[in-house]
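Encoded as structure tokens, the structure appears first; notes follow it.
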């Protein structure tokens, strides 16, 4: 085994803990630093990767040492890890099949009845919006009756999809195999977007759109499927040059606040606005809870 291979096998999180950092698990194979919440470590790829948004850094363990210890000396970073970290556990890389330019792996249902009922009746989404998105192929139903939220490129080609279960008593979320991670579920308002609104989930996006569709113009609504995939936003900024404002519509919780701060750091050239005022005002976690609460309030007034 050469020095570089030996260096790459030093476990990243264990190494950083030896440097004095402490991490908590946020999700499977994903950790956030307690001392600096813009520093995360993920084991979701072939090699462990860190993202340090406040310092505009990302990379593997060699990158960390080169940028933070050896003053950008790559050779010295290799030697530092290979020869000076023998007491740290090794990470054994897991081979991962690289998939490019292939169709998503999904089997569709022959109708969308379950999806329509779930979105409209359970989640309270505007039925006109649901019908339109079903008609234009943005939303479908798979053979297990999950909602399929298609990710499309600017030409309308499907690049991926998220899945949301329709069983109220057994929650399910997933991503269709072979999905391109640079794309998410979107709704475009107007021909030339001047702002982009970022959501953690497609259901939240649809809920916000149901509440605000009459007041929106020249904007792009994007679901990034969680808080961590904020690099996806760059793809949409690159293809929509007129965008100059980013509205962050994440959840009203700690992870949502981290999402706001991370986007502020990564996209500092843009005006970034925390768009969660109504979630805080109504004391709800996300925009679907807000939609359902407003419907409940409206129904209560109508009964009086």
Touching a strand residue (DSSP E or B) at 6+ places or on another chain (Cβ under 6 Å), farther than 29 Å from residue 226 by Cα and at pLDDT below 90: is that true of residue 81 in this structure? yes
Where in region 147-237 are the strands (runs of 3 or more DSSP E), entirely inside, with at least 1 residues that are farther than 22 Å from residue 28 by Cα? 147-152, 158-164, 185-189, 195-199, 219-223
Of the residues in region 241-252, those that are surrounded by 15 or more Cβ atoms within 10 Å (Cβ to Cβ) and either assigned to a helix (DSSP H, G or I) or out of contact with any strand residue (DSSP E or B) (no Cβ under 6 Å at 6 or more places or on another chain) (or both) come to 250, 251, 252
Only one residue in 268, 257 is in a loop (DSSP other than H, G, I, E, B), surrounded by fewer than 18 Cβ atoms within 10 Å (Cβ to Cβ) and free of Cβ contacts under 8 Å to residues at least 12 places away in the same chain, so which one is that? 268
If we keep just the residues of region 87-116 that are touching a helix residue (DSSP H, G or I) at 6+ places or on another chain (Cβ under 9 Å) and in a loop (DSSP other than H, G, I, E, B), which is modelled with the lowest pLDDT? 93
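The values are calculated or read from the model by the stated rules, or taken from the named source; none is laboratory data. For clarity, every value in this text was computed on a predicted model and none was experimentally measured. For neighbour counting, all protein chains shown are included, and Cβ atoms are generated from backbone atoms with ideal geometry for every residue, glycine included.
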